[in-house]
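K.L.:
Structure provided below as C-alpha cells; questions to follow.
No lab work stands behind these numbers, since they all come straight from the coordinates. Worth saying up front: this structure is predicted, and the values here are computed from it rather than measured. Cβ atoms come from the backbone with ideal geometry, glycine included; neighbour counts cover every protein chain shown.
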Amino acid sequence: HRQLRRNLNFYDLQPPATNMLSEVTRSLTAAQPSLHPKFFYDSEGSRLFDAITRTPEYYPTRTESAILDSHAEDIRQHLGRCHTIAEPGAGSCEKVRLLLERWAPEQYMPLEISRACLLEASQRLAAEFPGVNISAVCADYCQALALPQNGQQPGRVVFFPGSTIGNFDPTERAAFLRGLHHLAGPGGALLIGADLQKDTERLNAAYNDSQGLTAAFNLNALHHLNRELDCHFDVSQMRHLAFYNPQLNRIEMHLECLADQQLLLGQHTCCLPAGTRIHTESSYKFTVEGFSKELCDAGFQPLGCWTDPDKLFSLHLAAT
Ligand code: AVJ
C-alpha cells in the first residue's frame, strides 16, 4: 500500500481482470441473451449516466440527495457514533461529501474497481477534507465484501446509495446484503438507498427520458463492446427498450435487434436474429416494508427509514 498524502492511503487489492470476451460470449449466446450492466460504464457511459441524473424524468438521484440533505442529522442521531464510512463502488465519491461535511467521521474508505477513478476522486477528497483520513481500496465487490475488520475500531457505517441494490436479482441481492453486513462488522451499520414502487407512467418516463439520454446510455454498451472486442454490432440497427414489469417489480432495459446482427466474438461468429432482445439491466423497485424485511433476512436490525414527501425513494438505516 502507498501513502499518497498525510491523510490518504491507497490499498491496491489488484482486482482480477475480467475476461470480457468470454463473459460477453457466454451471455450473448445464452437462450435469453443478456449483458451485465457493468458494461454501461466506460468513460462515455459514466458521462451519460451523470447526464441522466440531471434529466427532469430521472427522479432517484435528486430525491435521494434531498432526503440525505434534510435528514443527515436525524440519521446520525439514530446511528450513534460514526468512526468510519465505507462505500463499495464509490465511483467519483460525490454523494458521500454531504456525510463527510455533516458527520465529520475520522475515516472514509471508498472501495472502487476502477483504479483511475479511485485515485482521482480520493486525491481530490483528501485535499478538500484534511480532517478525514481516507483509505482508498482498489478492489472488486467480492474482495471488498470480504475485507477483514480493523481490530479495535468500532464497526463501519457502510454507505450504499443510488438504489444500486436494485440491479441485483433477489437471490444475488440476499447474498450481497449479507456481504455488506460482513463489511460493516460488529457494531456497524448500513445506510442504503432503495427506489420505491410507484405509478408505472412515472417509472417508465424515468427510463425513457425525452432527451434520449437513457437510450444513448443503453446503446453505448454496444459501442463499448465494439471498441473493446471489435464485435461488429450495427448499433444503428438496435433499439433501446425500457418498461416496468409489474409481476417482478422491476424496470427492465433491453436492446432489441431491428435487423439480424452478425457478431464476431473472438474466433467465433454468432447471429442474433431480428427481434432478439438483449436484457441489459433490471432495476428493482421496493416497498419500505419489503426492503426492511430483506435487511432483517440479511442479519440487520432496521434503525430507521426516511422518504421524501411523495414517497418516491427511501433511505434505510440498519445496524449489524
Ligand atoms: C445506477 C443502477 C441505480 O437502475 O436507475 C439509470 C442505472 N439505468 N437509468 C438505475 C440506470 C438507466 C440506475 N442505477
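K.L.:
Of the conditions (1) out of contact with any Lys or Arg (no Cβ under 9 Å at 6 or more places or on another chain); (2) farther than 22 Å from Cys82 by Cβ, Gly131 fails just one. Which one is it?
P.N.:
(2)
K.L.:
Out of Phe286, Phe243, Phe217, report the one residue that is more than 23 Å from Asn19 (Cβ to Cβ), touching a residue at least 60 places away in the same chain (Cβ under 8 Å) and touching a strand residue (DSSP E or B) at 6+ places or on another chain (Cβ under 7 Å).
P.N.:
On the way: Phe243 fails: touching a residue at least 60 places away in the same chain (Cβ under 8 Å); Phe217 fails: touching a strand residue (DSSP E or B) at 6+ places or on another chain (Cβ under 7 Å).
Exactly one of Phe286, Phe243, Phe217 is more than 23 Å from Asn19 (Cβ to Cβ), touching a residue at least 60 places away in the same chain (Cβ under 8 Å) and touching a strand residue (DSSP E or B) at 6+ places or on another chain (Cβ under 7 Å), namely Phe286.
K.L.:
Next question. Please report, ordered by residue number, the strands (runs of 3 or more DSSP E) entirely within the stretch 182-277 with at least 3 residues that are charged (D, E, K, R). First the steps, then the outcome.
P.N.:
On the way: elements: 189-195, 238-245, 250-257, 261-265, 268-272.
In the stretch 182-277, the matching strands (runs of 3 or more DSSP E) lie at 250-257.
K.L.:
To continue, here is another question. May I ask you to say which residue of Gly162, Gly179, Gly166 is more than 16 Å from the ligand (Cβ to nearest atom) and either without any contact (Cβ under 8 Å) to a residue 24 or more places away in the chain or crowded, with 17+ Cβ neighbours inside 10 Å (or both)?
P.N.:
From the options Gly162, Gly179, Gly166, the qualifying one is Gly179.
K.L.:
Also, quick follow-up: List the residue pairs whose Cβ atoms are under 7 Å apart, where the first residue sits in the stretch 92-109 and is free of Cβ contacts under 8 Å to residues at least 40 places away in the same chain and in a helix (DSSP H, G or I), the second is loosely packed, with under 15 Cβ neighbours inside 10 Å and of a type in the set (Asp, Glu), and the two are 6 or more positions apart or on different chains.
P.N.:
Qualifying pairs under 7 Å: Leu98/Asp69; Arg102/Glu73.
K.L.:
Follow-up. Go through the stretch 208-240 and report how many residues are crowded, with 19+ Cβ neighbours inside 10 Å, farther than 13 Å from Phe40 by Cβ and either within 11 Å of the ligand (Cβ to nearest atom) or among the basic types (Lys, Arg) (or both).
P.N.:
Looking only at that region, the number is 1.
K.L.:
If you don't mind, another one. Quick one: how many residues across the stretch 186-200 are more than 17 Å from Pro302 (Cβ to Cβ) and either touching a Leu at 6+ places or on another chain (Cβ under 7 Å) or away from the ligand (no atom under 16 Å from the Cβ) (or both)? Show your work before the answer.
P.N.:
Of all residues in the stretch 186-200, those more than 17 Å from Pro302 (Cβ to Cβ) come to 186, 195, 197-200.
Add one more test, that the residue is either touching a Leu at 6+ places or on another chain (Cβ under 7 Å) or away from the ligand (no atom under 16 Å from the Cβ) (or both), and what stays is 186, 198-199.
So the answer is 3.
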